[in-house]
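Here it is: the structure, laid out below.
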Amino acid sequence: MTTKSDWAAPHPRLATPEAVISVGMLIASGFVLWQTLSIPVSPMYAKVGPTVFPLVTAIGLALLAVLLLVQAFRGGWQHEEEKEISQDWKSLGFVAAGLLCNVSLIRPFGFTAASVIMFVLVTHGFGSRQPLRNAFIGLLLALTAYFGFAKLLGVNIGGGLIENLLGA
Amino acid sequence: METLVQLSHGFTVALTPTNLMWCLVGTTLGTAIGVLPGLGPALTIALLLPITYQVAPEASFILFAGIYYGAMYGGSTTSILLNTPGESATIVTALEGNKMARSGRGGAALATSAIGSFVAGTIGTIGVAFLAPVVVGLALKFGPAEYFALMVLSFVMVSAVLGASAVRGLTSLFIGFFLGMIGVDLQTGQPRFTFGVTELLDGISMVVVAVGLFAVGETLYIAGRRYTGHDEIVPLRGSLYMTAQEWSRSWKAWLRGTLIGFPIGSMPAGGAEIPTFLSYAVEKKLSRHKEEFGTTGAIEGVAGPEAANNASAAGVLVPMLTLGLPTSATAAIMLSAFQSYGINPGPMLLQTQPALVWGLIASLFIANVLLVLLNLPLIGLWIRLINIPAPQLYAGILVFATIGTYGISQSPVDLILLYVLGGMGFLMRRFDFPTAPVIIGMILGPMAETQFRRAMTISNGDWSVFYTHPIALTLLVIAATALIGPSVYGLVKHRHLRGPEHMPGDA
């Protein structure tokens, strides 16, 4: 629970990542507030209009952001164990690259082709060094997903390079 | 008696060949995703939501319920053999279960957890069948003001009281409120937070949020900590049959776990972890084999918490089916399936959709039987699933995440949203923000807003409805006490005892 340490901080030191998150949230809540005020309110709904809950949310988020900022100045809240783990940015980078490729290639190339590329990049990010084997597994999996969703769930995701080749 | 008659009608629905097939598919799939780390019932049901456009409501809810129950069974297998709890509710199972597996009694641990889950799941489902009509009777007296108050209480319990930190839990909840408000306001037709993007007028799909937080966020989180060492799978040793002594140590723990789990689960507060921790503490206190706890592994420490977990999972269905109140991420997603059928979840559900509700409850009994059969004789099959290597597993999860979200609208906007939410999920995991309140806030927030506005319209803008109605007032007072009580207590205590030791990371 939060309470015990909230009130006593003998060695206050700023926890930078937590502070960044708190400030980011504060900015986001300001943004929510600004967007709320730009919602036009018809005088017909003067009682509880469409802005009351957004306003409550914006104020709530701002308050919580301030509370988080206070905690950040008192040493932050991230678990020690979590802090000690150094982030593997290279690995994360490959996964993110896979996601980016997927977003940008899914329109021109179709779902299956984009998925295979994403699959190879993500498995590489996770440390697998067999791109050809992974491409094959990715292809099988993407086709299973494609036909499974198309046939069983009736989700039509649209054809692409590989789908058209197979006459789907 | 009325309940038994209804339940037998339910069985005629659940025992049709098609619905039995859906139950089998659901329990099998549920066990599989429960066993696999990184996948959970909330994510799986979210990905399968399009099925609601294809089949009758009975069929899809039987499927979803099978997944929900199956994931509990599968999750304990992973906890026992891998010591990596798939979800927070199986942390306690891992404590003793993994110790048992390491000392060569993995078979008995798996057996007591599967049979305990069966006992607790069955008693819990009986509880749902008999408690649901009672709660409906109460709920029919509720007006919008009472509903709003109940939802506020539920918000406070789910986010502020049951988690590690009230501030972070509430933050997640409010983020969920914000996401839920995006789109056209149904009462005035006014677009809110759409930023001029046409795709956002219909609101953000629940699927995108759930998949983004649970699948993409989790994948990024695991990718970022790749070198933190690998979990070792304990090979399964020992027969799956329990000795007479293990039976006699288990059955009381199962019943006690059920008694702890079901009432807590069926409260409009939810929370699957608390009953498992409580049950663990009770078993440790009552056990005649205290020396086994934390050393070679005590079977009571697996039997009790597993039963508590499954009983509370059954209990969660009570507020969901009778009040339309979801208290877990999975329940929230199932609730959105009701909405996709145009069915209004709430106290009228039992009267307007008896075949659906009683068929669902009956199918839960069948699911429990199927799950014991699937999980004990076929355990070797599931163990092989744990061996799927992480690179292919997580890359595969992302492929399914893509088709599940892109398939809804075929718009790259949804994919971009998915990945932005995935990035948020990553930060939330890394900085210990709970993710379930986001999903609950997103579904329940707009419902609370509707009830609030309805109450104010009926009262003609008079705020007093919230404090002159006794039920509404009581619920709001409980909520306020639960929210600020701990801080006030902490302040008072601090005045007495100056400066308790500061624990960074505990805040």
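What is the protein assembly as shown by shape, rounded, prolate or oblate, if you read a ≥ b ≥ c off the alpha carbon gyration tensor as root eigenvalues and call it rounded for a/c under 1.5, prolate for a/b larger than b/c, and oblate otherwise?
Rounded.
What are the residues whose amide H is under 5 Å from the amide H of residue B:192, where those residues sit 5 or more places off or on another chain and H is modelled from the backbone?
HN-HN under 5 Å from residue B:192: B:183, B:184, B:185.
How much net charge surrounds residue B:178 when only other residues with a Cβ under 15 Å from its Cβ are counted (Lys, Arg +1; Asp, Glu -1)?
Net of charged neighbours comes to -1.
For the range B:110-118, what does the Karplus curve 6.51 cos²θ - 1.76 cosθ + 1.60, with θ = phi - 60°, yield as ³J(HN,Hα) per residue in whole Hz, taken in order and with x for Gly and Pro?
Couplings: 5, 5, 5, 6, 5, 5, x, 4, 5 Hz.
While we're on this one: Taking the Cα centre of the protein assembly as shown as origin, work out the dipole magnitude from +1 charges on Lys and Arg Cβ and -1 charges on Asp and Glu Cβ, in debye rounded to 20.
Once rounded to the nearest 20, the dipole reads 660 debye.
Mind giving me the nanometre distance, one decimal, between the label points for residue B:247 and residue B:53, set 7 Å out from Cα along Cα→Cβ?
The modelled label-to-label distance comes out at 5.2 nm.
Right, another one. What net charge do the residues around residue B:219 carry, taking every other residue with its C-beta under 12 Å from that of residue B:219, with Lys and Arg at +1 and Asp and Glu at -1?
+2
Moving to a separate point now. What FRET efficiency would be calculated for the residue pair residue B:460, residue A:144, taking the C-beta separation as r and a Förster radius of 45 Å, to the nearest 0.05?
0.20
Mind giving me the nanometre distance, one decimal, between the label points for residue B:138 and residue B:388, set 7 Å out from Cα along Cα→Cβ?
4.1
Give the calculated FRET efficiency between residue B:15 and residue B:341 to the nearest 0.05, with a Förster radius of 25 Å applied to their Cβ-Cβ distance.
So the FRET efficiency works out to roughly 0.70.
Next question. Lys/Arg Cβ at +1, Asp/Glu Cβ at -1, dipole of the protein assembly as shown taken about the Cα centre: which of B:406, B:215, A:16 is farthest positive-ward?
The residue sitting farthest along the positive end of the dipole is A:16.
Output the DSSP H helices from chain A with an along-axis C-alpha extent of no less than 15 Å and a mean Kyte-Doolittle hydropathy no less than 1.6.
Within chain A the helices that satisfy the rule are A:52-73, A:111-125.
As a check on your grasp of the helix formula, calculate [θ] at 222 nm for chain B: sum -39500 (n - 2.57) over DSSP H runs of n ≥ 4, divide by the residue count, round to the nearest 500.
Estimated from H runs of four or more residues: -23000 deg cm²/dmol.
So if the hydrodynamic radius of the range B:351-507 is defined as the Kirkwood radius over C-alpha pairs, what does Stokes-Einstein give as its diffusion coefficient at 25 °C and 0.890 mPa s, in µm² per second?
In µm²/s, the coefficient is 109.
Stretch residue B:184-residue B:420 to full length: gain in nm at 0.36 nm per residue minus the Cα-Cα span?
Result: 82.8 nm gained on full extension.
Does the range B:37-81 come out rounded, prolate or oblate by the C-alpha gyration tensor, with a ≥ b ≥ c the root eigenvalues, rounded set by a/c under 1.5 and, if not, prolate when a/b is larger than b/c and oblate if not?
Note, shape of the range B:37-81 comes out oblate.
First select every other residue whose beta carbon is under 10 angstrom from the beta carbon of residue A:51; then total the charges, Lys and Arg +1, Asp and Glu -1.
Around residue A:51, the surrounding residues sum to 0.
Still on this structure: Given the options A:143, A:153, A:100, which has the most mean-square fluctuation in a GNM of chain A, springs set between C-alpha atoms less than 10 angstrom apart?
A:153
Right, next: Using alpha-carbon pairs under 8 Å, 6+ residues apart, how would you state the relative contact order of chain B in percent?
28
First measure r as the distance between the Cβ atoms of residue B:198 and residue B:484, then evaluate 1/(1 + (r/R0)^6) with R0 = 56 Å and state the FRET efficiency to the nearest 0.05.
0.85
Which of the three applies to the range A:59-168, rounded, prolate or oblate, going by the alpha-carbon gyration tensor with a ≥ b ≥ c and a/c under 1.5 meaning rounded?
prolate
Now a separate question. With label points built 7 Å along Cα→Cβ from the Cα atoms of residue B:378 and residue B:164, find their separation and express it in nm.
According to this spin-label approximation, the distance is 3.6 nm.
Bear in mind these aren't lab numbers, they're just calculated from the coordinates by the rules spelled out. Since we're looking at a predicted model, the values are computed, not measured. A quick note on method: Cβ atoms are made from the backbone with ideal geometry, for glycine too, and the neighbour counts reach across all protein chains shown.
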